[in-house]
Amino acid sequence: MPVRRVFGAYRDLIGIIWAEAPVMVVVTFALTVVNGLLTPLGVYVHQQVFDGGLQVARGEMAFSDYAVFLVLFVLLAILPTLIGGYVFTYVEKRSLLILRTAYKSRMLRKLKTMKYEHFESEASAEIIDKAYHRLETAVRHLWPMYVHWRGSALIAGLGSLAWVAGIKWWLLLTVLIPYFIETWIVSRKNANIYNELETYWNRERRYTLLGGYLRDRLLAREMKAYGNAGYLIDTYVRRLNERNREYERYYFKHLRALLFGSNISKFSSILNVVLLLVLFVGGDITVGLFIAMSRLLFGELYHHLDGAAGFLKWSGYHINTYEYKDKFFALSDEPEGRETEPPASYDIEFRDVWFRYPGTDRDILKGLTFTVRAGEKVSIVGENGEGKSTMIKLLLGLYTPDRGEIRIGGRNLADFPPHVRAKLFGTVFQDFQRYSLTLRENIGIGDIDAMDDEGKIRRAAGKGRVHEFAEKFEKGFDTLLGRDFEGGVDLSGGQWQRIAIARAMMGDKPILILDEPTSQLDPIAEAELCREFAEMVEDRTAIMITHRLGSTMITDRIFVIDGGRVAEEGTHGQLMRAGGIYARMFNAQKQWYRREEGKEATVRV
Ligand SMILES: Nc1ncnc2c1ncn2[C@@H]1O[C@H](COP(=O)(O)OP(=O)(O)OP(=O)(O)O)[C@@H](O)[C@H]1O
Ligand SMILES: [Mg+2]
């Protein structure tokens, strides 16, 4: 029942505004009542202006008495603009700001605690997107707009009907029956209007996503290089047209019903004015009342009734959107975990871990089992798409295994709350972030508690070898990075990667995870990073995923992931002797490493 849901929403909305500015709530209601009363009051004043004018002409009324009605007449002409245009506009803007601030900050906090998997799921993405972008429209309609405009329309409509009934009770029938017929026809045609509107989200996304591509700097570069922008534009236009055609179809269907419907009340207006004329001729009503009521019946009355009925007709749609807020806040959070202490040791153990992405039907990890002892340095290698990055997402607790268990220091990973887990892992993601912040912040956010600790940031920068290029910046660590803002400095892929490595070094996290840390480094930088790797990680545990098998030699052990499980395990020498997948991959790259060694030698000379 939408009305109950609407009132539930009002409780929330008014509660939020009341807590901050109760006067806004009071003024909204007061303006609504005043605005609504203007219409029935207008009938009285219009009647008096005409009848009084005739009385003055006949010398039956003093002009000083009549002048009051002229003043009221002018006031009534000005007041709606004053109330609607100025006072309400202010109240509306202020109320919306309060609501927006309240909801946006709650939503951001929720996004922080929400399970990561929602960010990768289409169903949750719809909820997040609608709650985040459409809630405001729904709120604006529900609270200040609907209450004010529809509320005053209701008061105006009822007040007008009181006038109608005051003249002859049966006039109510000739006024209302056609109106009900019209409303019935229109709303029957529009019964599924909300559902139709709902389906637009998916269609709009189909072209807005493409529009986003066309504006994206990195994508623009690729499109220019491939010369494929024309194709994307055509696709964009085609999808937009598809959506427009559907919208037009829907709109015209709606429009036809609307035109047909509104004509019924037009005809009934004529009929009722004729009836009023008959009453006037028969001496039942004065000329002033005849004119004032004709004006009401021809224009305002049905408009007000429609306005009031619109509350029922449209709040269903807005309440549906509004309730995306509840769906949003109902999305599951990361488990809080019971442990508040960090684990006793940092041994990592995957025990028969099975995993598939929610909503898919293919297992990515199929009984993954391995142990990494605290302080050990291991490499993980495997073909593209074998699940290496997925394994890291599970280790970080971003996803939970479908079966099996991940243990840290002998405890189930899920026992540790997110803030404890955040202190365990320093991670360089394969698709790491490039923040449009200063260099200092880009590194410091790796450990938010040490954001102001210059020494720690510089040490981390040193480990990622960031200082080598940072020294050349005029503003040093205060250099703004990225192209999003005026004055920002963009870096090369390898330089960004070094910053990502420095970020992972912040906070002396006991476990380092590097997903392809050398992918964007040149071979010399890669060789240097490998050499420094042992020093950089010190006695910490390090898990390095790499496709460059030359890098694996510096680690204690190598795991080869194949078919969702560990297919081979051992040192470089052991795996080479075994002659399996690793040996095959290494031999394929051997040629490349020889050349690289040669190049390195040349550089050294
Ligand atoms: N969010 C997701 N939803 C569904 N499937 C996914 C998702 N992310 C990854 N996959 C699939 O999971 C498989 C493993 O992906 P993953 O990124 O873990 O591979 P990888 O071993 O890291 O590969 P690479 O060496 O290319 O980095 C792939 O087949 C990929 O298509
Ligand atoms: Mg990967």
Residue match in segment 225-244 (condition: touching a Lys or Arg at 6+ places or on another chain (Cβ under 7 Å) and surrounded by 15 or more Cβ atoms within 10 Å (Cβ to Cβ)): yes
Some residue of segment 535-543 being out of contact with any Gly (no Cβ under 9 Å at 6 or more places or on another chain), within 16 Å of ligand 2 (Cβ to nearest atom) and among the hydrophobic types (A, V, I, L, M, F, W, C): yes
Filter pass, I457 being β-branched (V, I, T), closer than 29 Å to F355 by Cβ and not assigned by TED's automatic domain parsing to the domain that holds M544: no
Condition check for E117: under 27 Å from F328 (Cβ atoms), touching a residue at least 40 places away in the same chain (Cβ under 8 Å), assigned by TED's automatic domain parsing to the domain that holds F29 and surrounded by fewer than 17 Cβ atoms within 10 Å (Cβ to Cβ): no
Any hit, segment 516-533, residues being among the hydrophobic types (A, V, I, L, M, F, W, C) and at pLDDT 80 or above: no
Criterion violated by I558 - all others in (1) part of a helix (DSSP H, G or I); (2) at pLDDT 90 or above; (3) hydrophobic (A, V, I, L, M, F, W, C) satisfied: (1)
Residue check for S95: touching a Pro at 6+ places or on another chain (Cβ under 8 Å), outside any loop (DSSP other than H, G, I, E, B) and of a type in the set (G, A, S): yes
Odd one out for L394 among (1) more than 16 Å from ligand 1 (Cβ to nearest atom); (2) at pLDDT 90 or above; (3) among the hydrophobic types (A, V, I, L, M, F, W, C); (4) assigned by TED's automatic domain parsing to the domain that holds M576: (1)
Boolean, L491 is in the same structural domain as L394 (by TED's automatic domain parsing), among the aliphatic types (A, V, I, L, M) and touching a strand residue (DSSP E or B) at 6+ places or on another chain (Cβ under 9 Å): no
Test: P358 is assigned to a loop (DSSP other than H, G, I, E, B), under 29 Å from the mean Cα position of the chain (by Cα) and near ligand 1 (Cβ under 10 Å from one of its atoms): yes
Count of segment 115-130 residues which are among the hydrophobic types (A, V, I, L, M, F, W, C) and within 13 Å of ligand 1 (Cβ to nearest atom): 3
Test: Y66 is surrounded by 12 or more Cβ atoms within 10 Å (Cβ to Cβ), without any contact (Cβ under 8 Å) to a residue 60 or more places away in the chain and more than 20 Å from I14 (Cα to Cα): yes
Complete set of residues in segment 555-582 that are surrounded by 18 or more Cβ atoms within 10 Å (Cβ to Cβ) and more than 16 Å from ligand 1 (Cβ to nearest atom): T555, R557, H572, L575
Complete set of residues in segment 342-376 that are away from ligand 2 (no atom under 16 Å from the Cβ) and in contact with a helix residue (DSSP H, G or I) (Cβ under 8 Å, 6 or more places away or on another chain): P342, I348, F350, V353, P358, G359
Which numbered condition D402 fails, given (1) among the charged types (D, E, K, R); (2) within 32 Å of the chain's Cα centre (by Cα); (3) more than 16 Å from ligand 1 (Cβ to nearest atom): (3)
One residue from M145, M107 being closer than 29 Å to Y317 by Cβ and at pLDDT below 90: M145
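For segment 399-410, enumerate the residues that are over 16 Å from L368 (Cα atoms) and surrounded by 17 or more Cβ atoms within 10 Å (Cβ to Cβ).
G409
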Any pair with Cβ under 7 angstrom, 6 or more apart, that starts in segment 369-386 at a residue that is modelled with pLDDT of 95 or more and ends at one that is away from ligand 1 (no atom under 13 Å from the Cβ) and of a type in the set (F, W, Y): T369/F350; F370/F350
Residue that is farthest from R434 (Cα to Cα), among those in segment 493-517 that are charged (D, E, K, R), more than 16 Å from ligand 1 (Cβ to nearest atom) and surrounded by 20 or more Cβ atoms within 10 Å (Cβ to Cβ): K509
Helices (runs of 4 or more DSSP H) (entirely within segment 377-488) containing at least 3 residues that are away from ligand 2 (no atom under 16 Å from the Cβ): 418-422, 439-444, 454-463, 467-470
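Do we have K388 as more than 27 Å from the chain's Cα centre (by Cα) and within 16 Å of ligand 1 (Cβ to nearest atom) here? Walk me through how you get there before you give the answer.
On the way: more than 27 Å from the chain's Cα centre (by Cα): yes; within 16 Å of ligand 1 (Cβ to nearest atom): yes.
Criteria met by K388.
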Residue that is nearest to ligand 1 (Cβ to nearest atom) [pool: residues in segment 371-385 that are at positive phi and in contact with a strand residue (DSSP E or B) (Cβ under 7 Å, 6 or more places away or on another chain)]: G382
Filter result for L142 (closer than 28 Å to V27 by Cα and either part of a helix (DSSP H, G or I) or outside the structural domain of G288 (by TED's automatic domain parsing) (or both)): yes
Qualifying residue in segment 340-349 (condition: farther than 30 Å from N263 by Cβ, within 12 Å of ligand 1 (Cβ to nearest atom) and in contact with a strand residue (DSSP E or B) (Cβ under 9 Å, 6 or more places away or on another chain)): no
Boolean, I270 is surrounded by fewer than 17 Cβ atoms within 10 Å (Cβ to Cβ) and out of contact with any Pro (no Cβ under 8 Å at 6 or more places or on another chain): yes
Helices (runs of 4 or more DSSP H) wholly inside segment 254-351 containing at least 2 residues that are under 28 Å from S121 (Cβ atoms) and aromatic (F, W, Y): 301-322, 324-330
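The values are calculated or read from the model by the stated rules, or taken from the named source; none is laboratory data. This one's a predicted model, so the numbers in the text were calculated from it and none came from an experiment. A quick note on method: Cβ atoms are made from the backbone with ideal geometry, for glycine too, and the neighbour counts reach across all protein chains shown.
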